[in-house]
């Protein structure tokens, strides 16, 4: 009795179909045209490439009929390659394969035609085909029959000298003219060489010097530039009195012709009516001068020169000087006009004293000390700073010899601040008044005290009225320290007549200060 079918043996239900994964759809990405051109099959080829060389292939080109009876053959050799690498015409074709009927054991080859020619594959002719054959040298590639013919070739006519030189035939007349021209050129060159050589051997001749057109450039503030500006304002003074005479220098300080100089330069002219003063300028102009006024105590004088439109020096300030500043001295030492020397300020406010001229009082002033070379004849000349401005009037030097001595680097100039003040008084009044304290003093140095010791007190003078006594040592006047007698004089002259100044002194070992109203000298 047949059983009903078992439900468990039935095919998959609809629920099973929904749980089963279905195959993914086939994805065919697009092919890159460049890749397809490089790696795709050639046109007309649908199957694999091996079918092209398989016998019987319908697509092969093994023969003209395309029946597939043989392998695919290579295309014919290009004519250019066959001509370049092929065998010469007339030679027989030799292949490396052993012909049919060859005996591999004997190493000989019998041509198919049975000819008795020298076999190509004989052991003695082809050692490479016989493994047991010794190494020998084969015959040359070109046989003796192919060598070039050694018969003598006919030679052409030899070239003559004109043909060799000029490439064609030349007439004898032309060659003769060419020779004459060559001789003339050689003779001319020889004459020129002889002339040059003979001229070079001479010791005398005309000198042709190439001169610079542009002037030499100098830096701003150079000594040359300063001298060029200052020299026209400095004059050389020649003083004559009978058989006597002297030289010195002066500085033009005013356009009216006023010249500032030293008293000792024009002392002879101021004391004698027969004396003459001549001013010599840098351009050689000479003009007579007259004395306006002198101050023997400070060694200053003013003269006037009769000239029109003179060069006037620029006046600076001596109070601005400091030791180490550069200065330039311009004058006529020993009569040598327009002499320029350069140095520095060695010291300022240096009190100096020198004997007066012809019985005059001693010369005392606060000097600018410099190492610029100053010699006799520089007196009255200009001492200028690095700008070319007048800062002092050269006056005296310190030497080690007797009489007229040269410069040893110790020169002294009157400060322009003091000189211009005195020059104004001389031009205006013809004389100068200096402040005076009314004592005669000498330099001292005792123990801890330094200063000017009073030798005597002039009666009813400023010092006597202030109570200063003989023997007192003055150490300070106003704000200036006094270390010697010369400094006492210059310290007093810094003030005006009638000024009341404190004076500090030492008396009996005690210091005291008194007020002194200064008088006139």
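The values are calculated or read from the model by the stated rules, or taken from the named source; none is laboratory data. The shown structure was predicted, so the numbers you read here are calculated from the model rather than taken from an experiment. All Cβ positions, glycine included, derive from the backbone under ideal geometry; neighbour counts span all protein chains shown.
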Exercise. Are there any pairs with C-beta distances below 7 angstrom linking a residue in the stretch 357-370 that is farther than 23 Å from residue 391 by Cα to a residue that is assigned to a strand (DSSP E or B), with the two at least 6 apart or on different chains, and if so which?
Worked result: 362/353; 362/354
For this session: Go through the stretch 249-280 and give me each residue that's assigned to a strand (DSSP E or B) and either under 21 Å from residue 389 (Cα atoms) or at pLDDT 95 or above (or both).
Result: 249, 250, 251, 252, 258, 259, 260, 261
Exercise. Of all the residues that make up the stretch 483-513, how many are in a strand (DSSP E or B) and surrounded by fewer than 17 Cβ atoms within 10 Å (Cβ to Cβ)?
Worked result: 7
Exercise. Residues in the stretch 421-429: is at least one closer than 30 Å to residue 512 by Cβ, at pLDDT 85 or above and loosely packed, with under 14 Cβ neighbours inside 10 Å?
Worked result: no
For this session: Return the only residue of 354, 373, 367 being surrounded by fewer than 23 Cβ atoms within 10 Å (Cβ to Cβ) and within 24 Å of residue 434 (Cα to Cα).
Result: 354
Seminar exercise, completed: Subset of the stretch 258-287, residues buried (at least 20 other Cβ atoms within 10 Å of the Cβ) and farther than 20 Å from residue 377 by Cβ, comes to 258
For this session: Kindly check whether there is at least one residue in the stretch 472-484 that is outside the structural domain of residue 415 (by TED's automatic domain parsing), touching a residue at least 60 places away in the same chain (Cβ under 8 Å) and within 60 Å of the chain's Cα centre (by Cα).
Result: yes
For this session: Quick one: in the stretch 327-338, of everything that is over 10 Å from residue 383 (Cβ atoms) and touching a strand residue (DSSP E or B) at 6+ places or on another chain (Cβ under 6 Å), which residue is surrounded by the most Cβ atoms within 10 Å (Cβ to Cβ)?
Result: 332
